[in-house]
Amino acid sequence: MAKKLSKWLHAVLILFTLIALAACSDGETSKEAENEEEGSSDEPITLTFFNADGGEEKTFDDPVAKKITEETGIKLEMDYPVGGNDEAIPLMIASGEYPDLIFAKGDIGKLIEAGGVIKLDDLIEEKGENLKAMYGDQLDRLRNSLDDPSIYTVGTYGVENAYWSTSGTFQIQLDVLRELGYPKIRTLEDFEAALTEYYEKYPEIDGQKTIPLSLLGSDWRWLITVGDPAGFAAGFAGDGQWVVDEEAGEATYKFLRPELKEYFKWLNSMNAKGLLDPESFTHTYDTYISKLSSGRVLSIADQDWNFTDADKALVADGKEWRTYAPLPVTISEEYTSKSLKNYGFAGGWGIAISSTSEYQEEAFEFLDWMASEEAQILVNWGIEGEHYDIVDGKRVMQEEDRERMNSDADYSKETGVGYYVYPFPQWGNGAVDSSGQPITPNSEEQTIANFNSAEKEALKEYEMENWVDWFPQTEDLGISKHGQAFNYSIPAGSELQIIQQKADDLTEQRITQAILGDPANFDQAWDDMITELEAMNIEKANELMSQKVKDTMELWGTNE
């Protein structure tokens, strides 16, 4: 409102100035004022941008941001939900005031229903050459639904992906592997045995109590450190709270599956044996990262992006052997890790343009430019001569930048390199530019080169070049026809949304209690939870999500 008022006042002042100048007999002065007014059009346009996945104050003035403004005439004024507040989008809708660009994640359906964002189909057709080139035959995956096949968002995920690293798995300290003679760790039993042996030998690290396994279940990260690892250990793909059988077109709320009970029963026993951090469900994110950064946490189950600050802190502190190696651990050897599965371009979430924006065309042109080859090289590599050089015709990161990328948690924020890749349109780490070079610095060669010295030594002992070598390979896991179920836009207030929200709240509470409870009471606690899920009509949610899966495959043309 303040911005609109200031613009109105500015217009009034200009009007009075022009009247005064018109009354003046000095024609040269009048001409100078006219030129100054025309020159104001060269000023950058500021677009307000809400990022539901952000959480830090950031001004658009780093080197990459300045180059973006130079090329597009656009500056971003970025805003984030305070303290992970999930009411930000509902509050926008209630007020009717929206930023120009909105990344709402799963709440995009609420904005569509409220008329808060615009359809992009015509703009893409008329002036979206870069977006059309980027998405190609994957463009249909941007569409909202069978009932409303319009496109409201672009961005978030890479279109062409390669899998040179994994994330979300169990991670174990490199020093544990070294101390135990580089053992094979394939099952939960192997994993527990390694942690137990090392913990008994080293109950303290650098004068502090050793923590065999730590989780972060006190906030929304319960999903990624408690809920998701359970599904991965059971050999399920990354569909969030669901297990999807594509051939049958069926989705099941995953906590109904007996494999999940088996995993949480193991976690309950880890707690009873004193191998699980007792603060796993109470400590804050900052405390969790502080523990990891100290080097005394032997293992975690987490996404790489969630603990990268701790990893960089360990490297910067010379504690490379306290960093982590990902493990292809499952409940038993009859299950297969799906960590390297190719989900294709997921569509679904993305950046939308608000219906109240005064700069809708400019906002779209900006998003389209972000999909260009020029922009993709800039946001991924930075500025030539400042962050990378051309050596023998190829882009090579400058050594200082490469080192900072791996050891300085503030590098991306300060330089802008890598900062504006997500959630904007992105080609993906498997894409190459018109010269045949990787569009990101994250090629397999660069991934391997970026390993710290401890990782390289451990990999050599295992006779591997990359950690993904001991995971089931992408080409053997098939390509998802439905994307990932967690990425679907579920209409707010729908029966599916209401039931799943109740089920999610219930399972987080009951499973946490069961993990921390007496092992003798675990079976009863689990059975009681299943009874409560059935009472809230979880089977209806299964039916509705199954239909959502079928509709998605029909919309995408992958149902044959």
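The values are calculated or read from the model by the stated rules, or taken from the named source; none is laboratory data. Note that the coordinates shown come from a computational prediction; the quantities given were computed from them, not determined experimentally. Neighbour counts are summed over all protein chains in view; Cβ atoms, including those assigned to glycine, are modelled from backbone coordinates with ideal geometry.
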(request) Collect the residues in segment 160-179 that are among the aliphatic types (A, V, I, L, M) and out of contact with any helix residue (DSSP H, G or I) (no Cβ under 6 Å at 6 or more places or on another chain), keeping them in residue-number order. (result) ALA162, ILE172
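Filtering segment 404-425 down to residues that are free of Cβ contacts under 8 Å to residues at least 24 places away in the same chain and surrounded by 15 or more Cβ atoms within 10 Å (Cβ to Cβ), which residue is nearest to THR440 (Cα to Cα)?
Among them, the one singled out is SER412.
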(message) Which residue is farthest from the chain's Cα centre (by Cα), if the candidates are limited to segment 514-529 and must be exposed (fewer than 15 other Cβ atoms within 10 Å of the Cβ) and assigned to a helix (DSSP H, G or I)?
(response) ALA520
(message) Quick check on my filter: what residues within segment 516-554 are hydroxyl-bearing (Ser, Thr, Tyr) and at pLDDT below 95?
(response) THR552
(message) Of everything in segment 378-400, what is among the charged types (D, E, K, R), within 23 Å of THR72 (Cα to Cα) and either assigned to a loop (DSSP other than H, G, I, E, B) or in contact with an Asp or Glu (Cβ under 6 Å, 6 or more places away or on another chain) (or both)? Give them in sequence order.
(response) GLU386
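Would you point out which residue out of LEU496, LEU555, LEU533, LEU544 is in contact with a helix residue (DSSP H, G or I) (Cβ under 7 Å, 6 or more places away or on another chain) and over 30 Å from ARG143 (Cα atoms)?
From the options LEU496, LEU555, LEU533, LEU544, the qualifying one is LEU533.
Yes/no per residue for (1) touching a residue at least 60 places away in the same chain (Cβ under 8 Å); (2) surrounded by fewer than 20 Cβ atoms within 10 Å (Cβ to Cβ); (3) on the phi > 0 side of the Ramachandran plot:
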{"position": "PRO203", "(1), (2), (3)": "no, yes, no"}
{"position": "ALA230", "(1), (2), (3)": "no, no, no"}
{"position": "ARG257", "(1), (2), (3)": "no, yes, no"}
{"position": "LEU260", "(1), (2), (3)": "no, no, no"}
{"position": "TYR288", "(1), (2), (3)": "yes, no, no"}
(request) Go over the candidates ASP62, ASP79, ASP53, ASP86 one by one and state the one that is assigned by TED's automatic domain parsing to the domain that holds THR356, modelled with pLDDT of 90 or more, over 18 Å from GLN360 (Cα atoms) and within 18 Å of the chain's Cα centre (by Cα). (result) ASP79
(message) Out of everything in segment 150-185 that is farther than 22 Å from LEU215 by Cβ and not in a loop (DSSP other than H, G, I, E, B), what residue ends up being nearest to the chain's Cα centre (by Cα)?
(response) GLY158
(message) For segment 455-503, give me each residue that is among the acidic types (Asp, Glu) and in contact with a strand residue (DSSP E or B) (Cβ under 9 Å, 6 or more places away or on another chain).
(response) GLU455, GLU475
(request) Of the conditions (1) without any contact (Cβ under 8 Å) to a residue 40 or more places away in the chain; (2) touching a strand residue (DSSP E or B) at 6+ places or on another chain (Cβ under 6 Å); (3) β-branched (Val, Ile, Thr), ILE93 clears all except one; give me its number. (result) (2)
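Results for (1) over 24 Å from the mean Cα position of the chain (by Cα); (2) in the same structural domain as ALA454 (by TED's automatic domain parsing); (3) not aromatic (Phe, Trp, Tyr), shown as yes or no for each residue.
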| site | (1), (2), (3) |
| --- | --- |
| ASP140 | no, no, yes |
| ARG143 | no, no, yes |
| ASP148 | yes, no, yes |
| THR187 | yes, yes, yes |
| LYS209 | yes, yes, yes |
| GLU247 | yes, yes, yes |
| ARG257 | yes, yes, yes |
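What's the total number of residues in segment 326-368 that are within 30 Å of ASP311 (Cβ to Cβ) and part of a loop (DSSP other than H, G, I, E, B)?
Going through segment 326-368 one residue at a time, the tally reaches 19.
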(message) Condition first: closer than 15 Å to LEU215 by Cα and not aliphatic (A, V, I, L, M). Now tell me which residues in segment 510-520 satisfy that.
(response) THR512, GLN513
(request) Filter segment 128-151 down to the residues that are more than 14 Å from GLY428 (Cα to Cα) and free of Cβ contacts under 8 Å to residues at least 60 places away in the same chain, then identify the one that is surrounded by the most Cβ atoms within 10 Å (Cβ to Cβ). (result) ILE151
(message) With the structure loaded, tell me whether THR69 is β-branched (Val, Ile, Thr) and exposed (fewer than 15 other Cβ atoms within 10 Å of the Cβ) or whether it fails that test.
(response) no
(request) Output the residue which, of all residues in segment 426-462 that are crowded, with 21+ Cβ neighbours inside 10 Å and touching an Asp or Glu at 6+ places or on another chain (Cβ under 7 Å), is farthest from ALA133 (Cα to Cα). (result) ALA454
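Yes/no per residue for (1) among the aliphatic types (A, V, I, L, M); (2) assigned to a loop (DSSP other than H, G, I, E, B); (3) modelled with pLDDT of 95 or more:
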{"position": "ILE14", "(1), (2), (3)": "yes, no, no"}
{"position": "ALA20", "(1), (2), (3)": "yes, no, no"}
{"position": "GLU57", "(1), (2), (3)": "no, yes, no"}
{"position": "GLU70", "(1), (2), (3)": "no, no, yes"}
{"position": "LEU91", "(1), (2), (3)": "yes, no, no"}
{"position": "GLU113", "(1), (2), (3)": "no, no, no"}
{"position": "LYS119", "(1), (2), (3)": "no, yes, yes"}
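Quick one: which residue in TRP220, TRP164 is outside the structural domain of GLU463 (by TED's automatic domain parsing) and in contact (Cβ under 8 Å) with a residue 12 or more places away in the chain? Break it down stepwise before answering.
Details: TRP220 fails: outside the structural domain of GLU463 (by TED's automatic domain parsing).
Testing whether each residue is outside the structural domain of GLU463 (by TED's automatic domain parsing) and in contact (Cβ under 8 Å) with a residue 12 or more places away in the chain leaves just TRP164.
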(request) Residues being closer than 16 Å to GLN241 by Cα and free of Cβ contacts under 8 Å to residues at least 40 places away in the same chain: count how many of those fall in segment 497-533. (result) 8
(request) Taking the residues in segment 382-403 that are at negative phi and touching a Ser or Thr at 6+ places or on another chain (Cβ under 8 Å) as candidates, determine which candidate is surrounded by the most Cβ atoms within 10 Å (Cβ to Cβ). (result) HIS387
(request) Could you pull out the residue among PHE255, PHE264, PHE281, PHE307 that is in a loop (DSSP other than H, G, I, E, B) and in contact with a helix residue (DSSP H, G or I) (Cβ under 9 Å, 6 or more places away or on another chain)? (result) PHE281
